[in-house]
Amino acid sequence: MLSGLVEALAGDGGRLSLLSRRASSSTVGDGFDCDYRDDAGFAAALGAAVAKSGPPDLAVAWFHTLKIAAPRMLAQAVRGRMIQVLGSAMGDPAHPDRLARAAAIADGLPDCALRQVVLGFRMETGGSRWHTGAEISAGVLEAIAADRPLTVVGQIAPWSAKPGG
Ligand SMILES: NC(=O)c1ccc[n+]([C@@H]2O[C@H](COP(=O)([O-])OP(=O)(O)OC[C@H]3O[C@@H](n4cnc5c(N)ncnc54)[C@H](OP(=O)(O)O)[C@@H]3O)[C@@H](O)[C@H]2O)c1
């Protein structure tokens, strides 16, 4: 879903490191293969990326769960901004504590300025739908440029209008 964002960032003239299980197959940037659920593997990949290109001044992070060590490890490495991409449920108005708990990964880290991006949904005639990958990439790119503490791509209210909701 973030491949369009990766291509846009690759074109901005800076250095780009990619960390995922199949990152080395990417045609842009420096890929470091790792599973973010494997603490040691993620630490090694992040260390290799930092050794090659220095601490990230912009990190875009998508993790399926925050109950792992990787998000905090990444926040500790950042010297600039960390864009934390979050699923729709994180913006559910019935659980206002979720965003604060997600932001805790950067607690006590003055060098890591956290920005949160919640992936909402789109209303269209006849109902709602989830975003396409291209829409998500464009939304995150806009959030990076706007530099708000919190961006919702699309909408999360009314929560009852979400697809299948
Ligand atoms: N709100 C909306 O409108 C909307 C729309 C679309 C998707 N979404 C949500 O966004 C999420 C992402 O969807 P997606 O289709 O892009 O699939 P995905 O399977 O979450 O993959 C996203 C990226 O994460 C990497 N990744 C996944 N698991 C990993 C792991 N254990 N370790 C390291 N890297 C890992 C993948 O690369 P590798 O496979 O190379 O590791 C890929 O680069 C889904 O949870 C979906 O529900 C929301």
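Readers should treat all values here as calculations from the given coordinates under stated rules, not as data from a laboratory. A quick note: this is a predicted structure, and the numbers were derived from the prediction, not measured. A quick note on method: Cβ atoms are made from the backbone with ideal geometry, for glycine too, and the neighbour counts reach across all protein chains shown.
In region 5-92, a dipole from Cβ-located charges (positive for Lys and Arg, negative for Asp and Glu) runs towards its positive end, and of Ala89, Ala69, Ala8 it is Ala69 whose Cα lies farthest in that direction. Remark: the Ser160-Glu7 segment gains 51.7 nm on full extension, using 0.36 nm per residue and subtracting the alpha carbon distance. Listed from fewest to most Cβ neighbours within 10 Å, the set Lys67, Lys52 follows the order Lys67, Lys52.
Neighbour counting of Cβ atoms within 10 Å sorts the residues Arg98, Arg79, fewest neighbours leading, into Arg79, Arg98.
One chain, two ends: Ser53 and Arg79. Fully extended at 0.36 nm per residue, the span grows by 8.1 nm beyond their Cα-Cα distance. Here the chain is treated with +1 on each Lys and Arg Cβ and -1 on each Asp and Glu Cβ, and its dipole about the Cα centre works out to around 220 debye.
Only helices enter this figure: runs of n ≥ 4 DSSP H residues, each worth -39500 (n - 2.57), summed and divided by the residues of the chain, yield -9500 deg cm²/dmol at 222 nm to the nearest 500.
Here's the picture: a label point sits 7 Å out from the Cα of Trp130 along the beta-carbon direction, and within region 72-100 the residues with their amide nitrogen under 18 Å of it are 85-92.
For Arg148, neighbours were defined as the other residues whose beta-carbon sits under 15 Å from its Cβ, and their charges (Lys and Arg +1, Asp and Glu -1) total 0.
Computed from the C-beta positions of Ser26 and Lys67 and an R0 of 35 Å, the FRET efficiency is 0.85 to the nearest 0.05.
Charged neighbours of Ser24, selected by a Cβ distance under 15 Å, balance to 0 (K, R count +1; D, E count -1). With the cut-off at 1.5 for a/c, could you classify region 80-138 from its C-alpha gyration tensor as rounded, prolate or oblate? Taking the square roots of the gyration eigenvalues as a ≥ b ≥ c, region 80-138 is oblate. Over region 10-164, the ratio between the Cα radius of gyration and 2.2 N^0.38 Å evaluates to 1.08.
Contact order for region 44-123, expressed relative to its length and based on alpha carbon pairs under 8 Å spaced 6+ residues apart, stands at 32 percent.
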